[in-house]
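A quick write-up on the structure given underneath.
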Amino acid sequence: MLLSRKPNHADRDSRVEHDKFAASSPAGIPAPSRQSLRGLDWFIFFLADVQTGFGPFIAVYLTTQKWTQVEIGFVLSIGGIVALIGQMPGGAIIDAAKSERLVAALAIATIGCCALAYAAMPIFAVVVTAATLHAAASCVLGPAIAAISLGLVGPLAIGERLGRNARFASLGNGVAAAVMGTAGYLLSSRSVFLVTFLLAIPTLIALSRIREEEVDIARCHGEMPREAEDRGDTNVWHLIRQRPLIVFALSVLLLQLANAAMMPLMASAVTARSSQWATVLVAFCIVVPQAIVALLSPTVGRKAQLWGRRPLLLIGFAALTIRGLLFATIRDPYLLVLVQVFDGLTAAVFAVMIPLIVADVAFGSGHFNLAQGIVGTATGIGAALSTALGGYVSDKFGNATAFIGLSGVAATGLLLILFVMPETRRTA
């Protein structure tokens, strides 16, 4: 049922990464070279840099261009709506692609041009178009990264590979935030988008270092190996009816429903209690989880193959539940920074587990990336509902009640994993 015809003896030694990936390659498929593996590392690092430029910097920049909050909100909403409805079509595009590298390159070029459009012509029509194209391009980049990773290393080594992806993405986010924040402070808010455009160049160079012949298309799409007797059911409806996929998508929706509103509510609470240090404290609250993700993600990937998926999912939901309860009870704004360690633990778990479990469930279907789109849609719905409901409860009943409610949602997700979600790990 696995892609390898010989036992993988090197997967017990995480230090010999290249040998392990080579052992997971099927007969007739060249093992991924160190060049391709390092190319994927740096591609993810620079892509995270590029995407960081479209975060809160957009609102700052448009505010300096005399845009109203209504206009800024409309642009951000357009991007959010496109990103939500584009998840499944984006995954389907990757499943139909003959070269994931080419699709990814076109998406990166589009995002680079969008950044340049923001900097060159911050007028309403141009910005709305750029926001729409950026969101659409992002919908294919997430599935493309997971597909290229799976195509390179196969299902046995994908857990640790996804952990490595999460590490480089986290490092890229941290470095980009520092660089762009410095550029915006020393130069202007416009310079952030010029830096973003320039960073698209090393991103494309890193992507070109991944050798096309080493990315197996069948594995990218979650198909069974060509020589397998049982090629699996490739009907889309068969995939959508898979109980593990439905349960996992629901659990991810609960995850985002509990998680997305916590940081904004916590930032508001910190500002109310210590306005002088609010910016610094919030910055630390962002940096701490990124550092935890960079530190723990490869370990999560390794343990996912040793322990199985469910124990790690339970740890991620438990950390989120505890975080909500601590936010509800702690009043010292400085201690809230320490609570963000739990955010980093949850982020490290799910950065690896989401694409990994989707790969488990979709194995043999040929629709791995469509399945990613289904879970991505659940993620978007949960995040959108979270900020709206969290803000409403906070306004009506206070922050403590809102945090307890969000913690209760996380606990519901934990129970769903504990009692309903089956184990999906594949073994030799």
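The values are calculated or read from the model by the stated rules, or taken from the named source; none is laboratory data. All of these numbers come straight from a predicted model, not from anything done at the bench. Here Cβ is always computed from backbone atoms with ideal geometry, including for glycine, and neighbour counts include all displayed protein chains. Note: areas computed on protein heavy atoms with side chains; ligands, DNA, RNA excluded. Shrake-Rupley method; radii C 1.70, N 1.55, O 1.52, S 1.80 Å.
Which one of these is assigned to a helix (DSSP H, G or I), open to solvent by less than 10 Å² (accessible area, probe 1.4 Å) and either at pLDDT below 85 or out of contact with any Ser or Thr (no Cβ under 8 Å at 6 or more places or on another chain) (or both): Ser77, Ser36?
Sole residue among the options that is assigned to a helix (DSSP H, G or I), open to solvent by less than 10 Å² (accessible area, probe 1.4 Å) and either at pLDDT below 85 or out of contact with any Ser or Thr (no Cβ under 8 Å at 6 or more places or on another chain) (or both): Ser36.
Restricting the search to the range 383-428, which residues are hydrophobic (A, V, I, L, M, F, W, C), open to solvent by 40 Å² or more (accessible area, probe 1.4 Å) and part of a loop (DSSP other than H, G, I, E, B)?
Val420, Ala428
Can you name the number of the only condition in (1) part of a helix (DSSP H, G or I); (2) closer than 30 Å to Glu223 by Cβ; (3) open to solvent by less than 40 Å² (accessible area, probe 1.4 Å) that Gly364 fails?
(1)
Answer yes or no as to whether Ala291 is under 16 Å from the mean Cα position of the chain (by Cα), in a helix (DSSP H, G or I) and surrounded by fewer than 18 Cβ atoms within 10 Å (Cβ to Cβ).
Yes.
So if I check each of Glu213, Glu160, which one is in contact (Cβ under 8 Å) with a residue 60 or more places away in the chain, part of a helix (DSSP H, G or I), open to solvent by 50 Å² or more (accessible area, probe 1.4 Å) and among the acidic types (Asp, Glu)?
Within the list Glu213, Glu160, the selection yields Glu213.
Pull up the range 40-60, narrow it to residues that are at pLDDT below 85 and assigned to a helix (DSSP H, G or I), then point me to the one that is most open to solvent (accessible area, probe 1.4 Å).
For the range 40-60, the residue satisfying everything is Val60.
Let me confirm something: among Gln65, Gln87, which residue is among the polar types (S, T, N, Q), open to solvent by 10 Å² or more (accessible area, probe 1.4 Å) and without any contact (Cβ under 8 Å) to a residue 60 or more places away in the chain?
One residue alone meets the criteria, Gln65.
Only one residue in Ala119, Ala166, Ala135, Ala104 is open to solvent by less than 20 Å² (accessible area, probe 1.4 Å) and at pLDDT 95 or above. Which one?
Ala104
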